[in-house]
1. What number goes with the only condition from (1) touching a residue at least 24 places away in the same chain (Cβ under 8 Å); (2) out of contact with any Ser or Thr (no Cβ under 6 Å at 6 or more places or on another chain); (3) of a type outside the set (V, I, T) that A:F165 does not pass?
2. For region A:137-182, which positions are closer than 14 Å to A:I74 by Cα, more than 14 Å from chain B (Cβ to nearest Cβ) and open to solvent by less than 60 Å² (accessible area, probe 1.4 Å)?
3. Just to verify a result, which residue in region B:67-88, among those that are β-branched (V, I, T) and not in a helix (DSSP H, G or I), is nearest to the chain's Cα centre (by Cα)?
4. Quick one: is B:M133 over 16 Å from B:Q354 (Cα atoms) and open to solvent by less than 10 Å² (accessible area, probe 1.4 Å)?
5. For region B:34-65, enumerate the residues that are facing chain A (nearest Cβ under 9 Å) and not in a helix (DSSP H, G or I).
6. Could you check region B:346-361 and list, in sequence order, the residues that are buried (at least 22 other Cβ atoms within 10 Å of the Cβ) and at negative phi?
7. Looking only at residues that are assigned to a helix (DSSP H, G or I) and without any contact (Cβ under 8 Å) to a residue 24 or more places away in the chain in region A:40-68, which one is farthest from the other protein chains (Cβ to nearest Cβ)?
8. From B:G247, B:G351, which residue is within 14 Å of chain A (Cβ to nearest Cβ), closer than 30 Å to A:S143 by Cα and not acidic (D, E)?
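The values are calculated or read from the model by the stated rules, or taken from the named source; none is laboratory data. What you see is a predicted model, and the numbers here were worked out from it, not measured in a lab. Neighbour counts run over all protein chains shown; Cβ positions are idealised from the backbone, glycine included. Ligands, DNA and RNA are excluded from the accessible area calculation, which covers all protein heavy atoms including side chains. Shrake-Rupley method; radii C 1.70, N 1.55, O 1.52, S 1.80 Å.
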Amino acid sequence: MSSSNTCTSEFCNAGWSEVLTHMSPYGFANFGVAFALGLSVVGAAWGIWLTGSSLVGASVKAPRIRSKNLISVIFCEATAIYGVIMAIILTNKVKAPDENTYYLDEDWDWSGYYYAGYGMFSAGLSVGLTNIASGISVGIAGSSCALADAQDASLFVKILIVEIFASALGIFGIIVGIIQSNACTFPIAALN
Amino acid sequence: RRHGGKSACWRREVTFSTMTPPPSSEPGGLATFNIHHAFPEALVRGMRSSFLKDSDYHHLSQCETLDDVRLNLSETDYAEPLADMPTLMPSSLQKVAVDKLVVEFQYLRSQAVEPLATFLDLITYEYMIENVMLLLKGSLSGRDINDLMAQCHPLGMFKDSVMRSIPTFESTPRGYADLYQTVLVDTPVGPYFAQFLQESSMNGGSSRNVLEEVEIEIIKSSLIKFWIEDFTAYVHKLGGETAALMGELLAVRADTNAINITLNSFGTPLNEPAMRVSDRKRLYPAVGFLYPAGTSMLADVADEDELGRVLDLFPQYGAIWNIHAAGTGEKGIDDAFYERDVQMNELAFEGQMQFAVFYAYVKLKEQEIRNLVWISECILQAQKDEINKFVPIFSQHAPWRQTKRR
């Protein structure tokens, strides 16, 4: 690790801080969009097959539960919708500069530029990861709800309350995600 | 509540050779069990609601004739199987009820994938062992093969040709070896028979001087012992909630077998001091709460008093033994074991995403069939005062729930 081995050309990164700042904020922002959508859909899908498979089996002997227990599937679907909402909001904020130049201007709004990139990335992660947890949680509760409803119809509403609390986790994610991404705007022209 | 799948009752390593191959995958925890096993589990939980309720048992025990029984059963889940039966007799009721259970079990088995499929197969091996022993015993008393086949349990049927050839073998050690080599080696109970032959040859089988009937009982107890050990090793490898619950159920099953073997050996050649250690001790399963300390004590027990003293050291069996020792005739030790089994099997339904519900369902359904046969026999023989000696299933008025309210 002698200093003679360190690359001193202007094209090399001079340290970790340069590694991070040399990654384009557009890259960060679009990864945020991908995480928001992709992870939310993973959570929703996981929840849907968890609850749907139990629902299919339980309705063989108790057909009356078929329609009511689709609510569990709808709760899982809602987590995917949160992901889509967040992805649409974030995508609409990603704007290319007005002028198609090779280098950005000297008095570009660098702080706002990086703020937008990091903010959208973390907003996407907020929504995506909370929706995975929420989706799985709703799925397991929905599976138990279908099995319990098949035995005793009065249990359905009570277990549904458990699912409501589980899906509230996804709402927390999207609320925080929207607050995080509110102030994020990509600059499209130099400041002045 | 013990942690995870590790529990005190099988902390000792299950080291004997296992005959069923280890499971190819895990059942999965809360988040992954439903991939493969949600449908069969939901089916068996739907079948749970088909058990007869307190009101059904109440109506049945009020019946005067078997036709009334049939009328009352036509409002339960038994309506369809009983539809095309002209008259009801306890034996035909039992056959119809067992066939219904078999149809449901085969539905579950057809929807199951590994490792649930092997688990369900292991449940049926017990009935295969019973069928093999029925055919062997029947050949001793020279009964007709067709009668014997009609009496075989439907859950444990082999191929027709295989079953018909079993009574043709002689009941000597040489005959059993031939039976294994030619017929049983391809069946699922083959490995258990192989272990039995190995064990008896290690102990100088031909020099034993036992009656043929005792020999058959010893064979059956040995095969059941190997089955319990095999099943326990398999569920231990499945891990998780399944291992915890099924481990308990199989442990008490092993202990029940050990106690019954000891109790039934009194007054038979198996209870002679020479035979106790060499033969009777070999029949105790190597799993269960009584293993190893309890079974080594049981091996030396000579009569009921000594048996009672040994069982007093184990609280859960001390209570059951006291019911037997009281000996008022109200309840026998079998009834006490049935009640305890129903209680544990009901509790197996409390946990989701594990396999023990399948085993518990089969056992509880068998108890219900026993209840139905008992009630109809009491009505047939006009002994109405004995009629309430059945064990209700999933009932709020069960005996163990009553005592807790005091």
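1. Of everything listed in (1) touching a residue at least 24 places away in the same chain (Cβ under 8 Å); (2) out of contact with any Ser or Thr (no Cβ under 6 Å at 6 or more places or on another chain); (3) of a type outside the set (V, I, T), A:F165 misses just condition (1).
2. Across region A:137-182, the qualifying residues are A:L160, A:E163, A:S167, A:A168, A:G170.
3. Looking only at region B:67-88, we keep the residues that are β-branched (V, I, T), and these are B:69, B:76, B:87.
Checking which are not in a helix (DSSP H, G or I) leaves us with B:76, B:87.
Working: B:T76: 26, B:T87: 30 Å.
Step by step, filter region B:67-88, then rank; the result is B:T76.
4. On the way: over 16 Å from B:Q354 (Cα atoms): yes; open to solvent by less than 10 Å² (accessible area, probe 1.4 Å): yes.
Yes.
5. B:S49, B:S50, listed by residue number.
6. B:Q354, B:F355, B:A356, B:V357, B:F358, B:Y359, B:A360, B:Y361
7. Step one: of region A:40-68, the residues assigned to a helix (DSSP H, G or I) are A:40-61, A:63-65.
If we keep only those that are without any contact (Cβ under 8 Å) to a residue 24 or more places away in the chain too, we end up with A:52, A:56-57, A:60, A:63.
Working: A:G52: 8, A:V56: 6, A:G57: 3, A:V60: 6, A:P63: 10 Å.
Selected residue: A:P63.
8. Values: B:G247 fails: within 14 Å of chain A (Cβ to nearest Cβ).
After ruling out the rest, the residue left standing is B:G351.
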